[in-house]
1. In debye, nearest 20: dipole of segment 1-148 around its Cα centre with unit charges on the Cβ of K, R (+) and D, E (-)?
2. Going by Cα centres, segment 383-454 and segment 1-41 are how many Å apart?
3. So the label point goes 7 Å from the Cα of Thr440 along Cα→C-beta, right? Which residues of segment 405-433 then have their backbone N under 17 Å from it?
4. Can you compute log10 of I(q)/I(0) for segment 233-278 with the Debye formula, treating each Cα as one identical point scatterer, at q = 0.18, 0.25, 0.30 Å⁻¹?
5. In nm, give the distance between the simple-model label positions of Asn141 and Ser199, each being 7 Å from the Cα along the Cα-to-Cβ direction.
6. Can you sort Arg351, Arg372 from fewest to most other Cβ atoms within 10 Å of each residue's own Cβ?
7. Which value in deg cm²/dmol, rounded to the nearest 500, describes the helix-derived mean residue ellipticity at 222 nm for the chain, given -39,500 (n - 2.57) per DSSP H run of n ≥ 4 and division by the residue count?
8. Can you list residues from other chains, or at least 5 along the same chain, whose modelled amide H is less than 5 Å from the amide H of Asp296?
Amino acid sequence: MAQARFQTADAKQVEAARAVAAALQRAGHQAFFAGGCVRDALLGRPLKDIDIATSATPGQVESLFAGHTVPVGKAFGVVLVLRGGFSFDVATFRTDGAYADGRHPDRVAFGTAEGDAQRRDFTVNGLFCDPSSGEVTDFVNGLADLDARVIRAIGEPEARFREDHLRMLRAARFASVLGFEIEPATRAAMARCAAQIRSVSAERIASELIRMVCESPRPSLGLNLLLGTGLLAHILPEVAELSGTAQPPLYHPEGDVWTHTCLMLDALPPPRLPALALAVLLHDVGKPPTYREEPDPGTGGTRIRFPCHAPVGADLAEAILTRFRQPSKLIAEVKALVAGHMRFVEAAKMRPAKLRRLMGEPSFPLLLELMRVDILHSNGDFSPWRFLKDAYESFRAEPVLPEPLARGRDVLAWGVEPGPAVGALLDELYDAQLEGRISTQEEARAYVLRRRPGPSAPPLP
Ligand code: ATP
Ligand code: MG
């Protein structure tokens with residue numbers, strides 16, 4: 001008999017969950033740890049949530065834990081039970097009715113443990129475990145699939161994907177995060193049903209995709225599944241187009257833009273920050289629309305170029321993440337990273353103030369990391385990157401960017417006319433300050449007085 005060991009970052013969480021299950025059992029109900037937590041315990045992975053499945057009705061759960069429950073999804077039989085500073089989903093065994101919207105059952109009926117296992121998505125997610133003995137109950141042959149490292153739909157795959165289209169993305173995410181294969185019939189059904197994903201909300205699609213690229217040891221596994229089943233062309237056509245977009249072999253011996261992007265993501269250790277993972281995924285989306293073949297005077301043949309692909313890609317990244325209804329802070333961060341991903345090329349020639357401003361941007365460490373894996377999986381010439389990295393190390397050893405010596409009200413007090421030129425003047429003053437040409441407010445004032453337009457304005461220092 002299989003036994004599961006439950007480990008979380010906090011042993012008290014497992015103890016509290018056991019106590020909830022034990023209280024249900026003492027009251028005469030069945031109670032199991034269920035679903036993802038059993039799968040992860042058997043794989044020796046750290047647990048996130050511990051979900052409990054029980055024969056008790058929601059009403060019985062509420063009266064047993066009176067004062068310590070929240071009716072989060074009573075219609076679906078789910079009650080949140082609070083215990084020891086933790087909260088647990090306690091869900092009544094249920095079978096799902098028809099699915100009219102391609103995402104949620106129209107109604108649910110309470111039933112048996114076996115019926116509850118059958119309505120779950122994949123066999124490895126359909127296991128139950130008795131928390132007191134650790135004994136696993138397997139109605140769906142999930143243990144064998146866990147052993148074989150396979151994601152297999154419970155029941156008839158196409159019917160299961162037709163009920164809830166999001167399950168197709170969940171299959172790809174679990175396969176990618178766990179490093180499992182998708183069983184052939186399940187994978188074939190994903191390919192046949194791929195177009196149905198279009199009716200799932202953009203937020204839910206994005207959240208699966210983001211978890212996949214952030215949590216997978218090798219996101220290329222999941223990305224290739226999405227590409228190969230046709231799902232990617234429906235949810236992210238801009239990225240699907242990277243496949244088959246050729247690059248100049250001299251700079252990109254690794255292959256097309258798709259291969260390059262996959263290798264980059266795989267080179268970042270998980271867990272990845274969403275901003276960085278998305279920026280890597282999207283950094284070259286500007287390449288397909290800017291692809292050009294131009295005569296190459298050197299060889300007499302042609303060469304591939306992607307003029308302005310970084311700014312074009314930044315706009316596309318913004319449009320994609322807006323479509324995915326992502327928070328505006330994340331959108332702005334990813335857009336800036338995509339826009340800036342080629343800046344290492346000019347770094348050595350930048351004026352000191354420009355360089356310091358670039359390094360002072362909050363997402364600069366992520367930009368460095370993006371550039372590192374970009375170079376690692378292209379021509380491998382790290383010298384311009386090393387320059388930027390060294391500059392950043394010394395920059396970090398310095399105090400943070402100083403307060404400006406002069407602000408708008410100061411320059412107005414020194415007689416500058418209000419208007420659009422004030423902003424440009426302040427920028428110029430700050431550059432002079434960052435480059436050490438002025439270091440006191442008096443010098444700032446003198447600078448402004450000399451700078452003020454007029455017939456006798458002296459030349460700048
Ligand atoms: P993780 O939390 O790491 O995403 P999980 O397996 O715990 O993995 P949840 O989304 O938390 O996934 O769902 C808990 C359990 O509920 C799953 O293990 C599965 O048994 C069931 N489940 C979740 N979503 C679905 C779905 N769309 N269709 C069928 N069963 C589902
Ligand atoms: Mg879970």
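Quick note: the coordinates plus some simple rules give every number you see, no bench work behind them. What you see is a predicted model, and the numbers here were worked out from it, not measured in a lab. Backbone-built Cβ (ideal geometry, glycine too); neighbour counts: all protein chains shown.
1. Using only the charged Cβ atoms, the result is roughly 340 debye.
2. Here the two parts' Cα centres lie 61 Å apart.
3. The answer is 405-406, 433.
4. Log10 I(q)/I(0), no solvent term: -0.64, -0.95, -1.04.
5. Distance between label points: 3.0 nm.
6. Taking fewest neighbouring Cβ atoms as first place, the list is Arg351, Arg372.
7. Only helices count here, giving -14500 deg cm²/dmol.
8. The list, which skips near neighbours in sequence, is Gly301, Thr302, Arg303.
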